[in-house]
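Shown next, in structure tokens, is the structure this report addresses.
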Amino acid sequence: MVESSVGGVVPAVKGEVRRRMGDKEEGSSVRDEEAGTTAEWEMDRELLCPICMQIIKDAFLTACGHSFCYMCIVTHLHNKSDCPCCSHYLTTSQLYPNFLLDKLLKKTSARQISKTASPVEQFRHSLEQGCEVSIKELDTLLSMLSEKKRKLEQEEAERNMQILLDFLQMLRKQKVDELNEVQQDLQYIKADLNSVERHRIDLYRARDRYSMKLRMVADDPIGKKPWSSSTDRNFGGLFSTSRNAPGGLPTGNLTYKKVDSRAQISSPGPQRKDTSISEMNSQHMSQSGLAVVRKKRVNAQFNDLQECYLQKRRQLANKSRVKEERDTDVVQREGYSAGLADFQSVLSTFTRYSRLRVIAELRHGDLFHSANIVSSIEFDRDDELFATAGVSRRIKVFDFSSVVNEPTDVHCPVVEMSTRSKLSCLSWNKYTKNHIASSDYDGIVTVWDVNTRQSVMEYEEHEKRAWSVDFSRTEPSMLVSGSDDCKVKVWCTKQEASVLNIDMKANVCCVKYNPGSSAHIAVGSADHHIHYYDLRNTSQPVHIFSGHRKAVSYVKFLSNNELASASTDSTLRLWDVKENLPVRTLRGHTNEKNFVGLSVNNEFLSCGSETNEVFVYHKAISKPVTWHTFGSPDVDEADEDAGSYFISAVCWKSDSPTMLAANSQGTIKVLVLAA
């Protein structure tokens with residue numbers, strides 16, 4: 001039993017011994033290899049020139065027994081007369097060629113080449129060393145080399161051909177895709193041309209019928225009355241609808257003609273006819289001139305308009321068939337596709353305006369405050385009042401109709417409220433007409449009652465300057481603020497403390513509620529990004545919009561899904577918050593360091609510029625529609641500071657082409673878009 005047990009162990013022990021011996025042998029071979037490498041390294045070191053530390057070339061031996069490169073030792077002896085190794089006195093006459101070392105060096109060099117060089121280099125080296133090769137062997141080698149060369153050339157040609165083929169196939173695919181896209185675009189354009197031509201012919205026929213009936217009335221004053229009422233019924237709707245379409249006549253023109261025809265009843269018949277025709281001709285000429293001007297605007301922005309048109313038509317093609325079937329009635333009734341109708345709205349709106357006209361102007365400053373910069377302008381709920389605030393530490397409320405209709409140099413505010421600190425932002429409550437919120441440089445957010453001129457609530461939780469405040473449109477008791485302390489705070493007018501706090505990693509420059517939701521806010525930050533939050537879960541933003549190269553100074557919603565942002569990188573950007581996608585970048589104004597304002601109104605955006613100009617953009621076009629330069633009548637043009645003025649705040653009047661704009665000098669202008 002013992003023997004068997006021992007016998008069962010012994011093979012394992014032997015195997016272990018063998019493994020150990022094998023390990024020892026392997027280890028010894030490694031050590032031998034390392035020793036050989038070390039010895040080789042030591043030998044290689046002996047072959048180095050002590051001066052240049054390279055393999056000795058053209059070895060010469062000194063009288064003291066040291067070897068150097070000939071050029072190295074000769075150069076050394078030109079400067080000093082001693083041996084570089086032992087400092088023994090030495091001259092050039094005591095140098096002798098070291099033939100043995102040269103021979104060893106050649107062998108060492110050949111051995112190194114055989115280890116490291118490629119076969120071609122080894123073969124070349126052998127030929128250079130005078131390797132004996134017969135003619136027959138050379139013929140064989142040449143034949144092999146020639147065959148190898150042809151093979152390599154063939155492979156290289158095949159590779160080049162494959163690369164060219166791949167390139168051409170990729171190019172063909174790209175061009176085919178572009179061709180398909182162009183052909184599809186041409187189909188869109190052809191279909192839309194037919195639709196527009198049919199619609200234009202219908203308009204011409206309607207105009208001719210109207211002109212004919214107008215002549216009949218001019219010839220027959222007795223039949224004027226009944227025709228007038230029927231014309232109102234039959235054609236009033238047509239021209240009121242056409243007002244919003246390109247080339248459509250505004251309702252005001254129709255009324256003007258009716259008044260003129262009515263005023264001519266007491267005059268003789270032939271004179272009435274000539275007058276009506278001349279009026280029609282003059283109107284036609286004015287319409288032609290307007291068409292030329294609008295055509296020039298189209299040509300100036302043709303590339304952007306082309307992109308807009310194709311984008312809208314392609315989007316229509318990508319919609320589901322169910323959607324198209326649902327829109328069938330509209331397409332048949334209007335003769336337009338939805339994409340064409342949408343683009344027509346953009347085109348007519350874009351070309352309708354060419355300038356900003358000043359209809360009123362007022363000075364915000366007063367005798368007791370030299371600081372006049374207006375940081376914020378806001379209309380109230382009904383667009384009857386507007387409030388201004390800035391570094392003057394005052395909230396001033398003006399009556400809009402009085403400012404526009406009363407021609408006076410000085411407009412007094414209807415309400416004025418003093419604050420302890422400079423103000424950065426205002427926000428009217430869209431439900432409670434008399435409530436307005438402000439944020440200031442001390443970080444205090446205040447809710448004011450304009451009627452009593454007293455503060456309703458004061459929130460002092462921000463630790464640094466609060467840049468922005470905004471009331472919710474769907475929940476009137478909620479408001480949000482952002483500050484340089486890198487915090488966004490949500491407040492409720494029914495509570496004395498904040499109800500929610502969001503810690504950001506950078507300074508908060510602007511905040512804005514989504515107009516269709518009290519749970520979603522957009523936050524513009526000094527980190528160049530817009531953070532879109534759902535307040536029901538603030539652990540992380542719903543999405544972060546990236547694209548600006550500098551701090552985001554303003555965020556505004558054009559609709560529930562459209563967000564506009566302004567930055568000190570001199571751009572405005574549009575974003576789709578539903579699809580989380582960038583839409584367009586708008587450029588033209590200058591903004592590198594100041595808050596210059598941003599306001600949106602349906603399809604238009606307005607912002608200031610550090611060139612003391614206010615710019616207006618259409619949301620579908622990347623270049624400005626128009627701009628207006630603020631003059632400085634009280635400042636000499638030679639004044640060096642005159643060029644430092646900038647637009648500091650802008651605000652649209654709701655659903656109107658009218659806007660307010662203020663600059664850093666304290667001048668406030670009421671501007672209206674005009675043809």
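The values are calculated or read from the model by the stated rules, or taken from the named source; none is laboratory data. What you are looking at is a predicted structure, and each value in this text was computed from that prediction instead of being measured. Here Cβ is always computed from backbone atoms with ideal geometry, including for glycine, and neighbour counts include all displayed protein chains. The accessibility values were calculated without ligands, DNA or RNA, using every heavy atom of the protein model including side chains. Shrake-Rupley method; radii C 1.70, N 1.55, O 1.52, S 1.80 Å.
One table, with the values for the structure above:
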{"item": "Conditions (1) in a loop (DSSP other than H, G, I, E, B); (2) β-branched (Val, Ile, Thr); (3) over 26 Å from SER525 (Cβ atoms); number of the one not met by THR474", "result": "(3)"}
{"item": "Counted residues, region 46-80 - those being open to solvent by less than 60 Å² (accessible area, probe 1.4 Å), within 13 Å of THR92 (Cβ to Cβ) and not hydrophobic (A, V, I, L, M, F, W, C)", "result": "2"}
{"item": "Residue that is surrounded by the fewest Cβ atoms within 10 Å (Cβ to Cβ) [pool: residues in region 507-555 that are assigned to a loop (DSSP other than H, G, I, E, B) and in contact with an Asp or Glu (Cβ under 7 Å, 6 or more places away or on another chain)]", "result": "ARG549"}
{"item": "Number of positions in region 477-506 that are in a loop (DSSP other than H, G, I, E, B), of a type in the set (A, V, I, L, M, F, W, C) and without any contact (Cβ under 8 Å) to a residue 24 or more places away in the chain", "result": "3"}
{"item": "Subset of region 646-673 that is crowded, with 20+ Cβ neighbours inside 10 Å and in a loop (DSSP other than H, G, I, E, B) - its residue that is modelled with the highest pLDDT", "result": "PHE646"}
{"item": "Residue selected from region 424-471 under the condition among the hydroxyl-bearing types (Ser, Thr, Tyr) and part of a strand (DSSP E or B), by the criterion surrounded by the most Cβ atoms within 10 Å (Cβ to Cβ)", "result": "SER439"}
{"item": "Tally of residues being of a type in the set (Phe, Trp, Tyr) and open to solvent by less than 10 Å² (accessible area, probe 1.4 Å) across region 559-613", "result": "1"}
